[in-house]
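The next block holds one structure in the form of structure tokens; read it before the comments.
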Amino acid sequence: MQGEFGPLVEGSSIRYSQKTMSDMNDQEQAISKAAGVVRSARRLAALTGAGISAESGLQTFRGAGGLWEGHRVEEVATPHAFRRDPAFVWRFYNLRRANLAKVAPNPGHQALVHLEERWGADAFTLVTQNVDGLHFAAGSQNVLEIHGTLRRVRCSGCDRTEDRGVEALPDLPRCEACGELLRPDVVWFQESLPPGIWERAERAVSEADCLLVVGTSAVVYPAAGLIDVARWHGATVVEVNSEPTGAAVDVVLRGPAGRLLPELVRRL
């Protein structure tokens, strides 16, 4: 039977349509080009987003229409929502924290670990928008979590922080030092990014010869602006994503990071 995209099975043989063969050749050329760019880079940086974590099966807790319990997440993850109903906000985050115990880093995370091991932490920086901690769990060391992490809590009174991993927390956890409510140590909507971490991210990207953009839609700012910073300073930008983003990049690898990043590493 003839089809549009192939592979097509006829008896014991497999045939590919012309379009499929063209796509495969384009992908092969893109991977080879990306490998050459990465191989020649003295300094590397990577910017990762939700796409790489989704490949580990991480739930978003958004239902139909992008809502959680009838609320837009942008209305739940805010300082105002926490002041109005901290128990409601903590219910959302305790669900997300519990889900972390069920997932593990995937081959895409592991490939980034290999890049850091090869270039060294001084020449490789991983900037992530994700708050799940999977990059650290995989073994990456030089990670800048610009949106914070679900595994850490911060006191709303004395600002003390503490790593609580994925342990179950009370409905309204309180600080052992001052008794005030704890909050997830993440950057909520309407809040600024941690200045020290953001400055380090900008510096790492501006000094990189190559920026890998992995699993991010490239529409959330200011994180997406790092792509412009990299290009402004002459870096080659390689995008690894299952969906088109429209970001200004030099090389596009279309597909899951868990498949493409290990292949990229293998060719170095």
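Each reported figure results from applying straightforward, stated rules to the coordinates on display, with no laboratory input. Please read these numbers as outputs of a predicted model, since none were measured by experiment. Cβ coordinates were reconstructed from backbone atoms using ideal geometry, including for glycine residues, and neighbour counts include every protein chain displayed.
Calculated [222 nm] ellipticity per residue, helices only, for the chain: -11000 deg cm²/dmol; basis is -39500 (n - 2.57) per DSSP H run with n ≥ 4, divided by all residues, nearest 500. Per residue, the convex hull around the alpha carbon atoms of the chain comes to 155 Å³.
Distant-in-sequence amide contacts of Arg174, defined by a placed amide H-H separation under 5 Å and a gap of 5 or more residues or a different chain, comprise Leu182.
Full extension of the chain between Cys178 and Ala248 gives 20.4 nm of extra length, using 0.36 nm per residue less the Cα-Cα distance.
Mean projection of the alpha-carbon convex hull of region 198-268 over all orientations, in nm²? Each step should come with its number before you reach the end.
Values: hull surface 19.0 nm².
The number I arrive at for region 198-268 is 4.7 nm².
Entry note: region 107-160 has Rg to Rh equal to 1.07, where both radii use alpha-carbon atoms and Rh is the Kirkwood radius.
Calculation over all alpha carbon pairs of region 68-130 in 10 angstrom steps from 0 returns a P(r) of 17, 31, 23, 22, 6 percent.
Between Gln190 and Arg42, the FRET efficiency estimated from the beta carbon spacing at R0 = 51 angstrom works out to 0.85. When Rg and the Kirkwood Rh are both derived from Cα coordinates, the Rg/Rh ratio for region 23-174 amounts to 1.04.
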